[in-house]
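Every read-out reported here was derived from the displayed coordinates using simple, explicitly stated rules and does not represent laboratory data. Just so we're clear, the structure is a prediction, and the values are computed from it rather than from any experiment. Note: ideal-geometry Cβ built from the backbone for every residue, glycine included; neighbour counts use all protein chains shown.
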Amino acid sequence: MSATIKIASWNINSVRARIDIVQRFLIEEQPDVLCLQETKVADPIFPHAPFEKLGYVHRLLAGQPMHHGVAILSKLPLGEHGRHDWQDNGEARHVGARLPNGIRLENVYVPAGGDIPDPALNPKFGQKLAFVERMTRWSEDLREPTLIVGDFNIAPLESDVWSHKQLLDVVSHTPVEVEALGRLQAAHDWVDLGRHFVPAPQRLYTWWSYRAKDWAASDRGRRLDHMWASPEVAKTATAHRVHEDCRSWLKPSDHVPLVTEFNW
């Protein structure tokens, strides 16, 4: 007997600072699993109690003090199957789980890459490209049905940013990043669930800078957050939504959550 399962992903930009809106989202949306990125907290001081209270009794963490960090919070039992150091420096940017139906769930936070899109002038940009390359090599060998979610920090399509021309030289939308992400997608025939349900060139953003006085009025968004599925997993997806309203909540993250529903 199949059931509808909701998987959510959100770069929360500090889970402790924004625990109130995380709780609100969980109460209102009731996902079965929530993947968080940029939790910014070491594992020993992760705020377990609010999640426990709401029924997310299964948790896998990969945190560090003040920076990066990912977590999977679930009402469903989770089997841990490892962490990847795609950054190759020990930063907490990935945690994986195996869901009860056997599907792998990978939660990843790709480096932002700094401000200058030149590895020679900006080592952070080179690290970002190397990170995506390691993910690509991993994807080539992947033989299991998998869902990978998170903040990829790349907006691949022209319609994934508010101005393609103005952002061509801005990190997150440069041709070299877009090409790298394209190779990653091709390495496993990943299905981009966002664009599967909201085909280009329809507007679809997940991030708006804090710099805008009125983010909604200026609407200078980018689609940096993604959910990709193995082809066989994508066939079970029934709905996908970007919760743009969360960007207006009190003390918001600059990212908003994504939710995909599956018939499993």
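Using the Cβ-Cβ distance between residue 45 and residue 248 with R0 set to 35 Å, the FRET efficiency from 1/(1 + (r/R0)^6) comes to roughly 0.75.
In straight-distance terms, cross-link reach from residue 235 covers every one of the aspartates and glutamates whose alpha-carbon lies under 15 Å from its own, apart from those fewer than eight places away in the same chain; here that gives 144, 189, 192, 261. Dipole check for the chain: with +1 at the C-beta of Lys and Arg, -1 at the C-beta of Asp and Glu, and the Cα centre as origin, the magnitude is about 480 Debye. Return the lysines within reach of residue 75: Cα separation strictly under 22 angstrom, same-chain partners fewer than 8 residues apart disregarded; answer none if there are no such residues. Within the straight-line limit of under 22 Å, residue 75 reaches these lysines: 6, 53.
Bridging of residue 213 to lysines at a Cα separation below 21 Å is possible for 251, once same-chain residues fewer than 8 apart are set aside. Computed from the C-beta positions of residue 218 and residue 238, the FRET efficiency with R₀ = 30 Å rounds to 0.35. Toward the positive end of the charge dipole of the range 4-263, with +1 on the Cβ of Lys and Arg and -1 on the Cβ of Asp and Glu, the farthest Cα among 258, 224, 107 is that of 258.
Stretching residue 187 away from residue 19 to a fully extended chain increases their span by 56.9 nm, per 0.36 nm per residue minus the current alpha-carbon distance.
With a Förster radius of 41 Å applied to the C-beta separation of residue 209 and residue 101, the computed FRET efficiency comes to 0.60.
Ordering 148, 187, 170 by the projection of their Cα atoms onto the charge dipole of the range 83-221, which places +1 on the Cβ of Lys and Arg and -1 on the Cβ of Asp and Glu, puts 148 at the extreme positive end. When the chain is described by a simple charge dipole with +1 on each Lys and Arg Cβ and -1 on each Asp and Glu Cβ, the residue from 10, 157, 198 located farthest towards its positive end is 10.
Between residue 198 and residue 169, the modelled labels are 2.9 nm apart [label points 7 Å from Cα along Cα→Cβ]. Among 251, 128, the order by Cβ neighbours within 10 angstrom, fewest to most, reads 251, 128. Backbone phi angles across the range 126-136, fed through the Karplus curve with coefficients 6.51, -1.76 and 1.60 (θ = phi - 60°), yield HN-Hα couplings of x, 5, 5, 5, 5, 4, 5, 5, 5, 4, 5 Hz in residue order; Gly and Pro are listed as x.
For a paramagnetic label modelled on residue 58 (point 7 Å from Cα along Cα→Cβ), amide N atoms under 15 Å away belong, within the range 223-264, to 264. About its Cα centre, the dipole of the range 152-196 is roughly 40 debye, where the only charges are +1 on Lys and Arg Cβ and -1 on Asp and Glu Cβ. Of all the options 66, 135, 227, the one that moves most in a Gaussian network model of the chain with Cα springs shorter than 10 angstrom is 66.
Considering the chain at the alpha-carbon level, its Rg and Dmax are found to be 17.2, 56 Å. Shown in residue order for the range 24-38 are the 3J(HN,Hα) couplings computed by the Karplus curve 6.51 cos²θ - 1.76 cosθ + 1.60 at θ = phi - 60°: 4, 4, 5, 5, 6, 9, 6, x, 7, 9, 10, 9, 10, 10, 6 Hz (x for Gly and Pro).
First check a/c for the range 103-257, with a ≥ b ≥ c the square roots of the eigenvalues of its C-alpha gyration tensor; if it is under 1.5, answer rounded, and if not, answer prolate when a/b is larger than b/c or oblate otherwise. Because a/c hits 1.5 or more and a/b fails to exceed b/c, the range 103-257 counts as oblate. Mean residue ellipticity at 222 nm, helices only, the chain: -7000 deg cm²/dmol; runs of at least 4 DSSP H residues each add -39,500 (n - 2.57), and the sum is divided by the number of residues. Only Lys, Arg, Asp and Glu carry charge here, each on its Cβ (+1 for the first two, -1 for the last two); on that basis the range 47-100 has a dipole of about 260 debye about its Cα centre.
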